[in-house]
1. Carbon and sulfur: what percent of the chain's accessible surface (1.4 Å probe)?
2. Using modelled backbone amide H atoms (1.01 Å from N, in-plane), which distant-in-sequence or interchain residues come within less than 5 Å of VAL106's amide H?
3. Label-point separation (nm) for GLU178 and THR356, each offset 7 Å from Cα along Cα-to-Cβ?
4. Based on Cβ point charges of +1 for Lys and Arg and -1 for Asp and Glu, what charge dipole magnitude is obtained for the chain about its Cα centre, in debye rounded to the nearest 20?
5. Mean-square fluctuation check for the chain, GNM, Cα pairs under 10 Å: which of ASP277, ASP114, ASP50 is largest?
6. Which of ALA119, ALA91, ALA59 moves the most in a Gaussian network model of the chain with Cα springs under 10 Å?
7. Which of the following values of Cα extents along the principal axes in Å was calculated from the structure shown: (1) 60, 48, 42; (2) 66, 42, 38; (3) 68, 57, 40?
8. Could you tell me the calculated FRET efficiency between THR162 and THR137, based on Cβ-Cβ distance and R0 = 25 angstrom, to the nearest 0.05?
Amino acid sequence: MSLAKRTAAVSALLAACAALPLGSGAPPANAAAEQCYFPSSFFCQRLAPDTRIDPGSAAMVAELRNMASGRGPDSPNGRTVTSRAGINYDAYAPMLYTVAADQWRVPVALDGGDPGLRAALAAGVPMPPEARPATGTDRQLIIYQPSTDTMWELWRARKDITGAWHATWGGVIPNVSENPGHYEDAVVGGYPERHTWGGPASGIPNLPGLITIEQLRSGVIGHALVFSTWANNSRHWVYPAQRTDGRCRGLTRQYCADVPQGARFRIDPNFDLSRIDNPIARMVAKAVQDYGMVLTNTTGSGFSFYAEGWRGHPESGDPYYGPGGLFADDPDQVATTQFMREFPWEHVQMLRRGTTCTDASLQCQMPAAWQD
């Protein structure tokens, strides 16, 4: 999207926010099942069988496989140093609320940080009255409003003792349907909208790569996935990432990885997914084979994909491990790290990387023919 078009879209958004009453009295909308939230982005583009593989694929995939099995990238003698790959579905899974056009907007105070983001959040977020962030320390919260084609995401969201909303960081993306799959530089109400916005450290939002409850129930995930690793490159990142929190890990930071945030992977298109017995692992693998997966963040431990959080929707109960839960059909599978062991890590490939970037003050640009 051009800067002028982006500026006009965001200015219209802020004008609309100002025109709506503040408060939380409007009834919440029913969440709709969405197969792909960012239809113009790489998240929604099915990969061609001959999509180019990165020359460094073998080394990067070796690191990825180590971390997926719970070992550090350079762990001696294959020693386990952290947890195996799994799916975050609870404390560190973002809460997602899809809201109607008439949802009243409430100001969210940014506790310090970027003045443009502070102004955009203060203009109002259509927060449903039942909204609550995830319970982990990241306290992630996503609001999506189809009628305005807008997404808000908050990091470390909270309410103060008066009931007012706050966040430590976050972002706003208007014209979601035209977004390339990451935060961009534009102008928001006279302040710069920055590529440095966003919940995940890479500047790639969670929403387009999130596995939703409705998708799991439908049996189809129609988009690329986001994932995080325990260690990743601290020196640079690659497009579509806009920055990184990559670092070495371990008590003496002895476990280092070269795989950069923004790197995309797929499962070999020739691999027969019917070899995977568990339906959830097979569904995740199908999405990765068809659309890919992109590294967007660093975890406190392990290797994680992300499913939609559920504790902010208490009326529905636990859809994962509650009665008849999506992850509880097989009584032998008591944790997501168990069924994700069926994921075909040995058949993963790294796709040709995007532009390599090292300066977080500059937007990392998409190279020509990157998606070929």
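The values are calculated or read from the model by the stated rules, or taken from the named source; none is laboratory data. Owing to the predicted nature of the structure, the values given are computational and were not obtained by experimental measurement. Note that each Cβ is placed from the backbone with ideal geometry, even for glycine, and that neighbours are counted across all protein chains shown. For the accessible areas, the whole protein counts, side chains as well, though only heavy atoms, and no ligand, DNA or RNA atoms are used. Shrake-Rupley method; radii C 1.70, N 1.55, O 1.52, S 1.80 Å.
1. Ligands and nucleic acids excluded, carbon and sulfur give 52 percent.
2. GLY23, VAL125, MET127
3. 3.4
4. The dipole of the chain has a size of about 760 debye.
5. ASP50
6. Residue with maximal mean-square fluctuation among ALA119, ALA91, ALA59: ALA59.
7. Only one listed value fits the structure, namely (1).
8. Working: r = 23 Å, r/R0 = 0.91.
FRET efficiency, THR162 to THR137: 0.65.
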